[in-house]
1. Going through the range 1-54 one residue at a time, which ones are surrounded by 13 or more Cβ atoms within 10 Å (Cβ to Cβ) and among the aromatic types (F, W, Y)?
2. Do we have any residue at all in the range 108-119 that's out of contact with any helix residue (DSSP H, G or I) (no Cβ under 9 Å at 6 or more places or on another chain) and at pLDDT below 90?
3. Could you tell me whether the range 55-66 includes any residue that is touching a residue at least 40 places away in the same chain (Cβ under 8 Å) and either outside any helix (DSSP H, G or I) or under 30 Å from R183 (Cβ atoms) (or both)?
4. Identify, by number, the condition in (1) within 26 Å of the chain's Cα centre (by Cα); (2) modelled with pLDDT of 80 or more; (3) not basic (K, R) that I31 doesn't meet.
5. Do we find a residue being surrounded by 18 or more Cβ atoms within 10 Å (Cβ to Cβ) and either more than 19 Å from S15 (Cβ to Cβ) or among the small types (G, A, S) (or both) anywhere in the range 142-149?
6. Restricting attention to the range 113-137, which residues are out of contact with any Phe, Trp or Tyr (no Cβ under 7 Å at 6 or more places or on another chain), closer than 22 Å to Y13 by Cβ and assigned to a helix (DSSP H, G or I)?
7. Kindly evaluate L49 against the criterion of being modelled with pLDDT of 85 or more and among the hydrophobic types (A, V, I, L, M, F, W, C).
8. Let me spell it out: the conditions are (1) in contact (Cβ under 8 Å) with a residue 24 or more places away in the chain; (2) surrounded by fewer than 19 Cβ atoms within 10 Å (Cβ to Cβ), and I167 meets all of them except one. Which number is the exception?
Amino acid sequence: MRISRVIQKVLFYLSSFIPLYILLFIQNIQILDSSGNLLAFKEISNQFLKTSPSVSVFWVGLLVLFLLSLFGVGLFFLVYTKTEGRVGQITDTGLVREDTMGYIVTYIVPLISMDIHSGRSLIINFLLFAIIGTFYVRNDQLFMNPLYNVCGYNVFSSEENIYITKISKSKLKIIAKRNISVRKVNLVGDIYLVSEHQSKSENHDDLYK
């Protein structure tokens, strides 16, 4: 496995946890005092700087993971979605929508319960994060990313391939059945980013009827 491919997969993995980073930030940052008044900027910043070692490690780690995850976001939305790819057909018709909500419930929600004041809790959750990442990278689970759904992409799997696309399931089935050309960009293995391709000789509005 090429190093560059592994790095890409790791970045995609980190980006899939952006909802977790946001939730952890909201859960652990204090912006109000006990009386319900807004804390001063210095008091808020002290939560990152002047605190226990475990809390400092948590905030530094969260910042690093979030920044690295942005590379994964950029790789998908600024590189792969802009890549020309190749024109071809989709031969698979047995499409099943992948449930990314299950990914959130199974992997993201359990990590919210970490206690940032406990070094042991941080180590356990880091190991869990690493184990999930190993599974994600080795099994090419790049399509399991809630951000795709938030940004309007659907994820469909078939017997042979997995498609990440903004095309609806019904239209994708028609495309496959009628051998309509699409533009495909290979992310890794059998995972493709698919978009519509309008050739001069095709009128897709008529073909979809």
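1. Listed by number, the residues that qualify are F12, Y13, F17, Y21, F25, F48.
2. no
3. No - not one qualifying residue is present in the range 55-66.
4. Failing condition for I31: (1).
5. no
6. S121, I123, I124, N125, F126, L127, L128, F129, A130, I131, T134, F135
7. So L49 fails the test.
8. The single condition I167 does not satisfy is (2).
The values are calculated or read from the model by the stated rules, or taken from the named source; none is laboratory data. All of these numbers come straight from a predicted model, not from anything done at the bench. Every residue, glycine as well, gets a Cβ built from its backbone with ideal geometry; the counts of neighbours run over all protein chains shown.
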